[in-house]
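Take a look at the structure set out below.
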Amino acid sequence: MNMINLAEQRRYTYADYVTWKDDIRYEIIDGIAYAMASPSQEHQRISGKLYLQLGNFLRGKNCEVFHAPLDVRLNVNSFDDIVVQPDIFVVCDESRRNGKSVKGAPDLIIEILSPYNVRHDTFVKFRQYQKAGVKEYWIVDPIRRTIEAYILKNGKYGVGSVYRNDDTVPVHILEGCQINLTEVFYDDNIEIEEDDELEIRNKIIRALKASGVDMSDEQVEKAVKILESED
């Protein structure tokens, strides 16, 4: 989902969040509010196809799949200052999915990248989902048409498995469930244009992630400008 980082004013909790108007959607990460921009049409196409495959598999089963906008409170039993709206997620614990919000970590979360949320999903949310105990985290890249799947082991996400083209992605938390990427990314009526800025950002962030180095948004912007000037 597209994210716009707001200037920090104060620390917020879910109690504050529920009083805000619905004309702008927000997430809260460690008490900091982030406004959410509207998703693109391609984002919604991919989201819908993933949701449909998961929903068909889960019909009549205990686990349930949801899609944004629905609030997930990752630390509801402590400060309750992390409220996210993942693009798609699966919850198997029925006690967590009663009421207006999901209380606790989903079993699977899927986030779809856009030019505005690359760092947010690959760094900020990655760490929050790992800390909260989300068993499986997928990052979908509409430009490269890939899915990076991370599995939680001993409290950490290992090296992600990358799937592309006509691969079939196994859903580890759902025995027997597999997602066909041909159905997710294929659409003969849609042509995706290469987004140079997103490509540059992806290269920077993937390299940093592999080396274990973190960067602020300002540092990422500076690095992007340097790379653009060298082209």
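Could you sort 94-102, 81-89 so that the peptide with the highest average Cβ count within 10 Å comes first and the rest follow in order?
Details: 94-102: 13.1, 81-89: 23.6.
Those peptides, ordered most packed to least, come out 81-89, 94-102.
I want to check the label-to-label distance for residue 165 and residue 116. Put each point 7 Å from Cα in the C-beta direction and report it in nm to one decimal.
Here the modelled spin labels are 3.4 nm apart.
Can you classify the range 10-84 as rounded, prolate or oblate using the Cα gyration tensor, where a ≥ b ≥ c are the square roots of its eigenvalues, rounded means a/c under 1.5, and otherwise it's prolate if a/b beats b/c and oblate if not? Can you show the working numbers first?
Working: a/c = 3.03, a/b = 1.56, b/c = 1.95.
The shape class here is oblate.
DSSP beta bridges in the range 31-127, what fraction antiparallel, as a percent rounded to 5?
Numbers: 9 of 12 bridges.
The answer is about 75 percent antiparallel.
Calculate the spin-label point distance for residue 100 paired with residue 22, positioning each point 7 Å from the Cα along the beta-carbon direction, and give it in nanometres.
About 1.0 nm, to one decimal.
Starting from the Cα-Cα distance between residue 183 and residue 40, subtract it from 0.36 nm times their residue separation and give me the gain in nm to one decimal.
49.6 nm
Calculate the spin-label point distance for residue 130 paired with residue 70, positioning each point 7 Å from the Cα along the beta-carbon direction, and give it in nanometres.
2.7
In debye, nearest 20, what is the charge dipole magnitude of the range 3-192 about its Cα centre with +1 on Lys and Arg Cβ and -1 on Asp and Glu Cβ, if you could check? Each step should come with its number before you reach the end.
Details: 23 positive and 27 negative charges, 109 e Å.
Once rounded to the nearest 20, the dipole reads 520 debye.
Within the range 84-120, whose backbone N sits under 19 Å from a point 7 Å along Cα→Cβ of residue 13?
Correct set: 84, 100-105.
Counting DSSP beta bridges in the range 81-142, what percent are antiparallel, to the nearest 5? Intermediate results must be reported in sequence, preceding the final value.
Working: 3 of 8 bridges.
Close to 40 percent.
Values quoted throughout were computed directly from the atomic coordinates according to the rules given, and no laboratory measurement underlies them. Because the structure is a prediction, the values reported are computed rather than measured. Here Cβ is always computed from backbone atoms with ideal geometry, including for glycine, and neighbour counts include all displayed protein chains.
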